[in-house]
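Quick notes on the structure that follows.
The values are calculated or read from the model by the stated rules, or taken from the named source; none is laboratory data. Everything quoted here is computed from the prediction, not taken from an experiment. So basically every Cβ, Gly included, is an ideal-geometry build from the backbone, and we count neighbours across all protein chains shown. All accessible areas refer to the heavy atoms of the entire protein, side chains included, with ligands and DNA or RNA removed. Shrake-Rupley method; radii C 1.70, N 1.55, O 1.52, S 1.80 Å.
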Amino acid sequence: YAGVSSFGFSGTNARADIWGRCDWGAHRAQPTGMQKMQVHVPCPVSLGYMDILTGENVSPGRPAGTKACVLREEGAPYDVSRYAYEGGFRCRFAEDEAVDEDLDPFVGVFIRGTWTAYTAMEEMTRIGGGWYVATVALGDTRCEHFRLCFNESTDLEIYPTVDHAASTIWIEGPDSKANDRSWCIDGRGAEVPAGTLFEVRFKWHTDSKRIEWRQCSKPTLPTWTAPRYDHSYSLIGTCTSERFSCMVLDGEGVWAGTFRIGASCEEEFQIVRDNDWKQIIYPAEPHTVRTSVPVRGPDDLHGGKCWRVLGPSGSVVTVRLTLEDAHVNVAISDARGTKRWKSREGCERHAYAVLGSWTDDVPVEMAPDIDSGVFRAFGKVRDASFDERAGLYVEAFQILVDGDAGLPIYPQVDGSDSGESIVLGPGGDSVQRSWAVSTPVPGARFEICYDPHSVDRRRVVTWRW
């Protein structure tokens, strides 16, 4: 490359540039392999990786460099993967995913989940065309997690690419890399009663596996019976030296545990179901003493929040727990009396708050819409929020679960606009990752919406003027 500039006496300027390919020497041109280069990004629906140009799924059965084999209908977007795309195609050069596959007859698909604390495996029924079915009954928590595997082997597990997954999430495996990731059948938001039956259907395919579930009135197999399992509950905290201390069933559905207050005259504790750190029962606020604080869980959003018990050293404290149809009651008794806490149901089982640049570091609680399950809050652009680099008034925000700064909900890319970036959290590395609300006019009011049920993860958090 070479260039020359000419500046005339009268003010006329000129510029000439010459460039070409270098065929020899240290700077000679080399093949770049650009024709083989692919950029992979997560699909905002399935969260599995896809080719950024074609939307084709990235899977072990589709090696790197594979070219697109489909062309979507005119005007259709390519910002979701083929796995999540529901439209038509103008042409399809290969029908790989449309061809039914089936596993060898000696390979069985097994399901296991929280209904037996992952201790028992049940073989799914093969119904042909690569499809397998099983029946699951919701337990007292109205929420069940599960994974699949081949031939009862934990080294051949089939699991979603993220934990607490819906049926739309990309499926990985079979391998030993599940890391406790599981699907979640959650009836709490819609208040589906305990005992409701669900039919789980899994379809095997080398390139693209599928899973779905739906409520059913009777088991898939007439001979099916719900597996019996005696769940357990344990206290854990400073009162147990951070070890599980089993509670005992002292009445119909009443679990009880005791401990002594130590020399510090205070103790803290949580309650754990089946010794599973993803099933913690805890208060909505840290160091809880007030009975107006609701009970949360069982889930993994505790953030270290515990009940605090104060009293003389050596005094005996009894904790009682009842859990029926996802409603949790906790009672703490000592020589001075009894204090009681209870949970909230439906979409109110957790609270959400906006932490924004306009809130002075104070989380502002969002109001739930009971019918839709959407949470809303309002904000106002301040005069002091002008950003000279952007030339706009800019406000930034995240959403916190139960007002806990350790459980943020945030965008994948900092400064994202409404519906622009995949929503991450709760928890994780949220440092310097917030949404940006920008406008050329100060004083404008806006509404923030949090929809935890949105299939498109970009639409989980949105706002409008």
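Of note:
- Full-extension gain in nm, S217 to D387, via 0.36 nm per residue minus C-alpha separation: 55.4 nm
- Among E56, E152, the order of accessible area from largest down is E152, E56, computed with a 1.4 Å probe on protein heavy atoms.
- Computing log10 I(q)/I(0) by the Debye sum over Cα atoms at q = 0.06, 0.07, 0.14 Å⁻¹ for the structure here picks out one of (i) -0.38, -0.50, -1.39; (ii) -0.25, -0.34, -1.38; (iii) -0.39, -0.53, -1.24, namely (i).
- Relative contact order, percent, the chain [alpha-carbon distance under 8 Å, six or more residues apart]: 8
- For the pair H40 and E348 in one chain, pulling the backbone fully straight at 0.36 nm per residue adds 107.1 nm over the alpha carbon distance.
- The range 272-407 - percent of accessible surface contributed by carbon and sulfur, probe 1.4 Å: 50
- With both labels modelled 7 Å from their Cα along Cα-to-Cβ, the S5 to I52 distance reads 3.3 nm.
- Counting only protein heavy atoms and a 1.4 Å probe, the chain has 53 square angstrom of accessible area per residue.
- A straight chain from A444 to A405 at 0.36 nm per residue would run longer than the Cα-Cα distance by 11.4 nm.
- Length-normalised contact order of the range 114-261 in % [C-alpha pairs under 8 Å, at least 6 apart]: 21
- Spin-label pair E152/V362, simplified geometry with 7 Å Cα→Cβ offset, distance in nm: 6.0
- Bridge type composition, the chain - antiparallel percent by DSSP, nearest 5: 95
- Neighbour cut-off at most 14 other Cβ (10 Å), DSSP loop, chymotrypsin sites (Phe, Trp or Tyr not before Pro), the range 238-271: F244
- Remark: relative contact order (the range 323-365) = 25 percent; criterion is Cα-Cα distance under 8 angstrom and separation of 6 or more residues.
- Convex hull (Cα only) mean projected area of the range 313-361, reported in nm² to one decimal: 6.2
- Calculated FRET efficiency for the pair Q412/S176, C-beta based, R₀ 35 Å, to 0.05: 0.80
- Listed residues R214, R142, R349, R243 arranged by accessible area, highest first, probe 1.4 Å: R243, R214, R349, R142
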